[in-house]
Amino acid sequence: MDEHEPEEPVLYEVKDKIATITLNRPHRLNAMNVAMVDRLPEVFRQFDRDDDAHIAILKGNGKSFCAGGDLKEMSASGAKHIFEETKNLAVVRYPSATYQFESKKPIIGAIQGYALAGGFTLSLACDVRIAAEDAKFGISEVKVGRGAPWAVPLLWAVPSGIAMELLMRGNQMTAQRAYEVGYVNQVVARDELCDTVWAIAEEIRDNAPVTVRAHKRLLYRAMDAGRALGYLLADELAEAIYTSEDCQEGQRAFREGRKPNFTGR
């Protein structure tokens, strides 16, 4: 085993109802090896089940967010195994599912350095993305003959022409360009990244959890269903919001001129 390889490829901690999920292979620019790919879904599920965590920050330890897949490790077994290993399974698990990291709660990406290939996938899993000025984004699979089946949600994150360019050219996009095309919400100096992301996380944390999660579900379900059905789903979710205890508390607090005490119910 590499003497630099950490025992935990992904770290999880909670403070003040804010979870921090940290990619922890700084010696490899947080490139995703098998251990990290296996661990990430477990951490996302842990966050979803954690009643003490209302929102998560996803970040990388060291110089970069995530430089992509660890091609040194992956190249040892080629690429065909991705499909061959599923041939005898009753339920086939396709590559796109391997890199789907989802949560019912909001996730903010704190992105510095490289967010390439697999790292781009992780940034795509974030609901809000804040980038340091040195951040670079890219889907580099085309450069090495690999595929990016996980990139389907990119159609909702950027205009189709930008998505096509990212997939077909494989070039890197600067943080400023990512901001211009709407992929990142804000670009800040490197030394301001942590404080900026934490402040946004606190703001979202302090809002009504029922409403925050319903709004996330609303938008993602509408993406899946299309606009017409999306409006019907929105009405269904709105009913859950307006009949919640948090909604009643929010109205009382506004009327009484005080800060609401949300309970997530």
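The values are calculated or read from the model by the stated rules, or taken from the named source; none is laboratory data. This is a predicted model, so every value here is computed, not measured. Neighbour counts are summed over all protein chains in view; Cβ atoms, including those assigned to glycine, are modelled from backbone coordinates with ideal geometry.
So here's what we get for this one:
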read-out: Residue within region 225-243 that is over 30 Å from Asp134 (Cβ atoms) and outside any helix (DSSP H, G or I) present; value: yes
read-out: Qualifying strands (runs of 3 or more DSSP E) (wholly inside region 105-208; at least 3 residues being touching a residue at least 24 places away in the same chain (Cβ under 8 Å) and surrounded by 17 or more Cβ atoms within 10 Å (Cβ to Cβ)); value: 107-111, 114-116, 128-132, 136-138
read-out: Subset of region 48-73 [assigned to a loop (DSSP other than H, G, I, E, B) and closer than 15 Å to Ala131 by Cα]; value: Asn61, Gly62, Lys63, Ser64, Phe65, Ala67
read-out: Breaking point among (1) surrounded by 15 or more Cβ atoms within 10 Å (Cβ to Cβ); (2) more than 24 Å from Phe137 (Cβ to Cβ); (3) of a type outside the set (Val, Ile, Thr), for Asp16; value: (1)
read-out: Test: residue in region 145-153 that is under 16 Å from Lys59 (Cα atoms) and of a type in the set (A, V, I, L, M, F, W, C); value: no
read-out: Pair list, Cβ under 8 Å, 6 or more apart: region 38-49 residue crowded, with 16+ Cβ neighbours inside 10 Å, other residue β-branched (Val, Ile, Thr); value: Arg39/Val10; Leu40/Val10; Val43/Val10; Val43/Ile21; Phe44/Ile21; Phe47/Ile21
read-out: Of all residues in region 1-13 being out of contact with any helix residue (DSSP H, G or I) (no Cβ under 9 Å at 6 or more places or on another chain) and modelled with pLDDT under 95, the one that is surrounded by the most Cβ atoms within 10 Å (Cβ to Cβ); value: Glu7
read-out: Search result, residues across region 20-37 that are in contact with a Ser or Thr (Cβ under 7 Å, 6 or more places away or on another chain) and surrounded by fewer than 19 Cβ atoms within 10 Å (Cβ to Cβ); value: Val37
read-out: Qualifying position, being modelled with pLDDT under 95, in the same structural domain as Asp50 (by TED's automatic domain parsing) and more than 30 Å from Lys15 (Cα to Cα), among Gly161, Gly170, Gly226; value: Gly170
read-out: Unmet criterion (only one of (1) at positive phi; (2) over 17 Å from the mean Cα position of the chain (by Cα)) for Arg25; value: (1)
